[in-house]
Amino acid sequence: MTASAMEPLRIAMWSGPRNISTAMMRAWENREDCAVSDEPLYAAYLAATGLDHPGRDEVIANGETDWRTAADALLGPAPGGKSVWYQKHMSHHLLPEMDSDWVSGLHNVFLIRDPVEVVASYLKSRATVAPDDIGLPQQGRLFDLLSERLGETPMVIDAGDFLRAPEAHLRALCVRLGIAFTPRMLAWPAGPRDSDGVWAPYWYDAVWKSTGFEPWRPRDDVLTGDALAVADACRPVYERLHGFRMTFD
């Protein structure tokens, strides 16, 4: 499908928390032809689950709590009439009771990260964690659903691989999507954006200070007890999706 002002190229990046998802959104928003949406199902997710997340009331007050209305909008015209529309999604926001047929109208990409790293990072901001909190089980189910529905496996990007070679990954992704790569995707001005969700003050401090993707560095995260059990429970899904990740010969 060719992107145009009338029929934008709608890209859905399905991630979990504590990944490079917000930095990836920055890269796309820095394109002159691209609009972005920051977790458009979050308010509906919080309203449906009753979960107590930082800024919960503000998220619900400022977002769309009817997932059907949110989904319809995500298939409509892009904000500002842009020809490319990047939608940053948390996979666990797509609850089982939400119909997923609309997702087939998007160009879906899966952003994964080693669950040990995700859990370790998540617990710096939250007291407890469960497998469904980090989105990998939901990523696996959605990946399988789209693979069956579309007859081909969706694109997968591993965050660790990406940070070792951001430009190569972005170039390859743009080729797959049929649009031109621009170096603007590799660097952006520091600071908040009007497009950031109202939850940004709780989570985006590092991204607000950033001007590009952080260089990859080895991690020495060590988990024990329940935290390790959560990472171990998510590892089979991660390893399976990891086998479909974007690679370069």
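The values are calculated or read from the model by the stated rules, or taken from the named source; none is laboratory data. All of these numbers come straight from a predicted model, not from anything done at the bench. No Cβ is skipped: glycine too gets one built from the backbone with ideal geometry, and neighbour counts run over all protein chains shown.
Quick one: how many residues across the stretch 103-129 are touching a helix residue (DSSP H, G or I) at 6+ places or on another chain (Cβ under 8 Å) and either under 22 Å from residue 28 (Cα atoms) or part of a loop (DSSP other than H, G, I, E, B) (or both)?
Total satisfying the criteria: 16.
If I go through the stretch 234-249 residue by residue, how many of them are in a loop (DSSP other than H, G, I, E, B) and either exposed (fewer than 14 other Cβ atoms within 10 Å of the Cβ) or at pLDDT below 95 (or both)?
Step one: filter the stretch 234-249 for residues in a loop (DSSP other than H, G, I, E, B), giving 243-244, 246-249.
Now narrow it down to the ones that are either exposed (fewer than 14 other Cβ atoms within 10 Å of the Cβ) or at pLDDT below 95 (or both): 243, 247-249.
The number of residues fulfilling the criteria is 4.
Anything in the stretch 133-181 that is farther than 18 Å from residue 241 by Cβ and among the hydrophobic types (A, V, I, L, M, F, W, C)? List them, or say none.
Hits for the stretch 133-181 are 165, 168, 170, 174, 175, 177, 179, 180, 181.
On the basis of being under 16 Å from residue 118 (Cβ atoms) and of a type in the set (Val, Ile, Thr), does residue 198 make the cut? Explain how you work it out, then say what you get.
Details: under 16 Å from residue 118 (Cβ atoms): no; of a type in the set (Val, Ile, Thr): yes.
No, not satisfied.
I'd like the residue in the stretch 205-222 that is over 23 Å from residue 173 (Cβ atoms) and modelled with pLDDT of 95 or more and, out of all such residues, is surrounded by the most Cβ atoms within 10 Å (Cβ to Cβ).
Step by step, filter the stretch 205-222, then rank; the result is 208.
Which number in (1) among the aromatic types (Phe, Trp, Tyr); (2) more than 23 Å from residue 10 (Cβ to Cβ); (3) not in a loop (DSSP other than H, G, I, E, B) marks the one condition that residue 162 misses?
Residue 162 satisfies every listed condition except (2).
Quick check on the stretch 84-92. Is at least one of its residues out of contact with any Leu (no Cβ under 8 Å at 6 or more places or on another chain), assigned to a helix (DSSP H, G or I) and either surrounded by fewer than 21 Cβ atoms within 10 Å (Cβ to Cβ) or at pLDDT 95 or above (or both)? Give the derivation first.
Keep residues of the stretch 84-92 that are out of contact with any Leu (no Cβ under 8 Å at 6 or more places or on another chain), which gives 86, 88, 92.
Next, only the ones that are assigned to a helix (DSSP H, G or I) stay: 92.
From what is left, the residues that are either surrounded by fewer than 21 Cβ atoms within 10 Å (Cβ to Cβ) or at pLDDT 95 or above (or both) are 92.
Scanning the stretch 84-92 turns up at least one residue that is out of contact with any Leu (no Cβ under 8 Å at 6 or more places or on another chain), assigned to a helix (DSSP H, G or I) and either surrounded by fewer than 21 Cβ atoms within 10 Å (Cβ to Cβ) or at pLDDT 95 or above (or both).
Please verify whether residue 231 is loosely packed, with under 11 Cβ neighbours inside 10 Å, out of contact with any Cys (no Cβ under 8 Å at 6 or more places or on another chain) and not in a loop (DSSP other than H, G, I, E, B), treating the condition exactly as stated.
Numbers: loosely packed, with under 11 Cβ neighbours inside 10 Å: no; out of contact with any Cys (no Cβ under 8 Å at 6 or more places or on another chain): yes; not in a loop (DSSP other than H, G, I, E, B): yes.
When the stated conditions are applied, residue 231 does not pass them.
In the set 180, 206, 172, 168, which member is small (Gly, Ala, Ser), assigned to a helix (DSSP H, G or I) and free of Cβ contacts under 8 Å to residues at least 12 places away in the same chain?
On the way: 180 fails: assigned to a helix (DSSP H, G or I); 172 fails: free of Cβ contacts under 8 Å to residues at least 12 places away in the same chain; 168 fails: free of Cβ contacts under 8 Å to residues at least 12 places away in the same chain.
Going through 180, 206, 172, 168 in turn, just one is small (Gly, Ala, Ser), assigned to a helix (DSSP H, G or I) and free of Cβ contacts under 8 Å to residues at least 12 places away in the same chain: 206.
Look at the stretch 130-148 and say how many of its residues are assigned to a loop (DSSP other than H, G, I, E, B) and without any contact (Cβ under 8 Å) to a residue 40 or more places away in the chain.
Counting residues in the stretch 130-148 that are assigned to a loop (DSSP other than H, G, I, E, B) and without any contact (Cβ under 8 Å) to a residue 40 or more places away in the chain gives 0.
Pairs please, first residue from the stretch 92-116 and touching a residue at least 12 places away in the same chain (Cβ under 8 Å), second anywhere and part of a strand (DSSP E or B) and of a type in the set (Asp, Glu), Cβ atoms under 9 Å, 6+ apart in sequence or on different chains.
111/158; 112/158; 113/158; 114/158
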